[in-house]
1. Mind jotting down the distance between the C-alpha centroids of region 19-83 and region 110-185, whole Å?
2. In whole Hz and in residue order, list the ³J(HN,Hα) couplings for region 3-20 that follow from phi through the Karplus curve 6.51 cos²θ - 1.76 cosθ + 1.60, θ = phi - 60°; x for Gly and Pro.
3. Of LYS79/LYS212; LYS60/LYS271; LYS7/LYS191; LYS252/LYS301; LYS187/LYS212, which sit over 20 Å apart, Cα to Cα?
4. State which stretch of the chain is the longest one without any exposed GluC sites (Glu not before Pro), exposure meaning a DSSP loop state and at most 16 other Cβ atoms within 10 Å.
5. What are the ³J(HN,Hα) couplings of region 147-159, residue after residue, when phi is run through the Karplus curve with 6.51, -1.76, 1.60 and θ = phi - 60°? Round to Hz, x for glycine and proline.
6. Compute the Cα gyration tensor for the chain, then decide on rounded, prolate or oblate, letting a ≥ b ≥ c be the square roots of its eigenvalues: rounded whenever a/c is under 1.5, prolate when a/b is larger than b/c in the other cases, and oblate in all that remain.
7. Quote the relative contact order of region 45-280 in percent (integer), defining contacts as alpha-carbon pairs under 8 Å separated by 6+ residues.
8. For the chain, what % of the accessible area comes from carbon and sulfur atoms, probe 1.4 Å?
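The values are calculated or read from the model by the stated rules, or taken from the named source; none is laboratory data. Being a predicted model, the structure only gives us computed values, none of them experimental. Positions of Cβ are generated from backbone atoms using ideal geometry, with glycine treated the same way; all protein chains shown enter the neighbour counts. Areas reflect the complete protein model, heavy atoms only, side chains present, ligands, DNA and RNA absent. Shrake-Rupley method; radii C 1.70, N 1.55, O 1.52, S 1.80 Å.
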Amino acid sequence: MNLKFYKLINYLSVKTSLLLFKQRLPLGYVLFNYLYKKIIVNNISFNDEISDFHKSGFVKLKLNLKNEINFYKDKFFFKDEEKDVTKRNKFYLNDTDQKNFLNQLEEKLKPTISTLERYFNCDVFISDIVPFRIYHVEGSDNLKKEFYANNFHQDGYLMIYNKIFINMMDVNEDDGPLQLVPLNNKKEFFKSFKYKNRDDYDPFGNQNLIYKNSGSIGDCCLFSSPQVIHKAGIPKNYRDLIQIILMTIPKKYSYQLNIDNYKNVFSGNEKNIMKLAKPYNMLNLIKLFIIFIKEKRNKSKKNIQALN
Ligand SMILES: [Fe+2]
């Protein structure tokens, strides 16, 4: 499809979603997420955390990784050629540390991941780990000039794409915590902030509608970034965090793309993730939805067999 034509269709689609559904996503994604939540997600009453996640779109996990963060703290390094103290810097680990760190994260996140697998009725993988530092920036009140996702937005993916933010330091109000609008506050948020688009709203709306993810080192916040309106806070100095992307996808497809290989996980799995969670046309979207329906059916069959 012609790129200009695609962009126009996408623009109109997002505009319509904003007007009709108060969502800054293409219409097809809004429909996919709605149907996924209606038809595919599992009964949510089996776990408090997942029930909060379902209702608000995010949850602070009953899990802390302080020991793991402290162990690797001195092993993280910046690449000199990438040093950009004006915005955002990525941290790196050497090969062995990457492998070990991923193993430890998988171990710690196992209960959360298996709960999510039950909720999504599908396999869930750690597909991307990005530790980084954001710096203070001047002029962040100008919505037309964005530095690092510091305007309110939703990530342009399907809800099979989720994030965990892990604090790499104690985070208080001055450290620019992540700001989230709980799904139940969305209507009021749109009204109070006169939200029209990512670069067109009143930043001085009712601040009580926003949850600020402050907390201690090692704290973990799970959130559905395609569903929840969010933004990065601006720190007075800097803020260090680890962003983990969790992909909901049947094993078969994850293996095809080698999505959970630790090297891919640390080197930016973005292309693979986009292939799965950012379909570009309606046909791919429908095909993907059918994959999840089949997966749900397979899982229920296996559960019945296990009971017999
Ligand atoms: Fe985002």
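1. Each part reduced to its Cα centre gives a spacing of 7 Å.
2. Using θ = phi - 60°, the values come out as 4, 5, 5, 4, 4, 5, 4, 4, 4, 5, 5, 5, 4, 5, 4, 4, 5, 8 Hz.
3. Working: LYS79/LYS212 30 Å; LYS60/LYS271 28 Å; LYS7/LYS191 28 Å; LYS252/LYS301 17 Å; LYS187/LYS212 18 Å.
Among LYS79/LYS212; LYS60/LYS271; LYS7/LYS191; LYS252/LYS301; LYS187/LYS212, the Cα-Cα distance tops 20 Å for LYS79/LYS212; LYS60/LYS271; LYS7/LYS191.
4. Numbers: sites that count: GLU138, GLU146.
Between the exposed loop sites, the longest stretch runs 147-308.
5. So the Karplus estimates, Gly and Pro as x, are 9, 8, 6, 9, 10, 4, 7, 10, 6, x, 9, 7, 6 Hz.
6. Numbers: a/c = 1.45, a/b = 1.08, b/c = 1.34.
Rounded is the answer for the chain, as its axis ratio a/c remains below 1.5.
7. Details: 437 pairs, mean separation 76.0, N = 236.
Across region 45-280, relative contact order equals 32 percent.
8. Details: 8190 of 15830 Å².
Carbon-and-sulfur percentage of accessible area, whole number: 52.
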